[in-house]
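*Asks:* The structure is given below, and queries will be raised subsequently.
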């Protein structure tokens with residue numbers, strides 16, 4: 001008989017959700033740690049398959065291991081969809097897409113040769129380590145960086161537009177000054193040289209030969225050092241603003257959509273509005 005004073009026993013979905021999505025219990029942390037090791041092992045196995053000597057002697061065992069991990073991750077993905085109240089929301093989230101891409105290339109490889117190596121995206125799933133090992137301060141730092149990048153986006157776009165204009169102008173001038181005789185066979189080639197020079201990469205596959213061309217190249221090189229500092233300053237300023245306005249991030253995953261990165265005192269999911277602590 002039900003007694004009002006007794007806590008309600010959670011259903012199987014709630015218990016499974018706590019194990020799969022949370023790391024607050026021993027079972028949940030064990031599940032996630034084993035999952036991380038499985039991810040690392042699967043990525044290492046995929047890389048080893050590209051080594052000729054290993055592939056020659058252990059190809060069959062590598063393939064068995066690869067498919068064992070693929071089946072394991074497929075079951076895990078299905079369980080994640082089954083334990084959230086809104087599977088479609090989770091499927092469209094960042095980790096939902098990554099979880100799908102972790103298994104999809106393996107099945108596509110049955111029809112498209114070489115697509116299996118795209119499973120290297122599994123390494124992105126290691127980001128769950130921030131939640132598993134209670135590194136909430138790093139979750140907060142990641143959230144601050146993301147907010148800063150979003151806030152700096154308009155300024156970065158303007159900056160890249162100005163740089164693109166300079167590159168096109170310099171590339172055109174170098175084509176006129178140097179010409180096909182010195183390797184600048186077209187304006188796109190001149191633009192390529194301008195990009196390489198302005199970013200201070202300097203491959204050296206194409207170089208100016210005339211005095212005017214060398215003078216222009218020198219100015220572009222000096223300009224490149226100044227330009228590099230601009231986006232750094234923009235992002236740094238936005239990070240300072242974001243750190244002032246942003247609080248601590250919890251490790252709580254939304255039971256409805258599976259999203260993470262909520263504020264420490266949040267009661268509802270910032271993505272779907274569901275109650276975080278029912």
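No value in this document is a laboratory result; all are computed from the given coordinates. Fair warning: this is a prediction, and the values are worked out from it, not measured in the lab. Virtual Cβ from ideal backbone geometry, glycine too; neighbours counted across all protein chains shown.
*Asks:* Under 16 Å from the 7 Å Cα→Cβ point of residue 199, by amide nitrogen: which residues of the stretch 155-177?
*Replies:* The answer is 160-168, 171.
*Asks:* Now for a different question. Taking 0.36 nm per residue of sequence separation and subtracting the Cα-Cα distance, how much length would be gained by fully extending the chain between residue 33 and residue 64, in nm to one decimal?
*Replies:* Gain on stretching residue 33 to residue 64: 8.9 nm.
*Asks:* With a Förster radius of 25 Å, plug the Cβ-Cβ distance of residue 181 and residue 221 into 1/(1 + (r/R0)^6) and report the FRET value to the nearest 0.05.
*Replies:* On the way: r = 23 Å, r/R0 = 0.91.
Efficiency, rounded to the nearest 0.05: 0.65.
*Asks:* Now, a different point. Need the full-extension length gain, residue 75 to residue 13, defined as separation in residues times 0.36 nm minus the C-alpha distance. One decimal, nm.
*Replies:* Details: separation 62, 0.36 × 62 = 22.32 nm, distance 1.51 nm.
That works out to 20.8 nm of additional length.
*Asks:* Can I ask one more? Using 7 Å Cα-to-Cβ label points, what is the residue 120/residue 101 separation (nm, one decimal)?
*Replies:* 1.3
*Asks:* Could you list 254, 269 so that the one with the fewest beta carbons within 10 Å of its beta carbon is first and the one with the most is last?
*Replies:* On the way: 254 27, 269 22.
Result, fewest neighbours first: 269, 254.
*Asks:* Return 193, 225, 111 ranked ascending by Cβ neighbour count within 10 Å, so the fewest neighbours appear first.
*Replies:* Fewest to most other Cβ atoms nearby, the residues stand as 111, 225, 193.
*Asks:* Now, a different point. With the crude spin-label approximation of a point 7 Å out along Cα→Cβ, what separation in nm comes out for residue 111 versus residue 25?
*Replies:* For residue 111 paired with residue 25, the spin-label model returns 3.9 nm.
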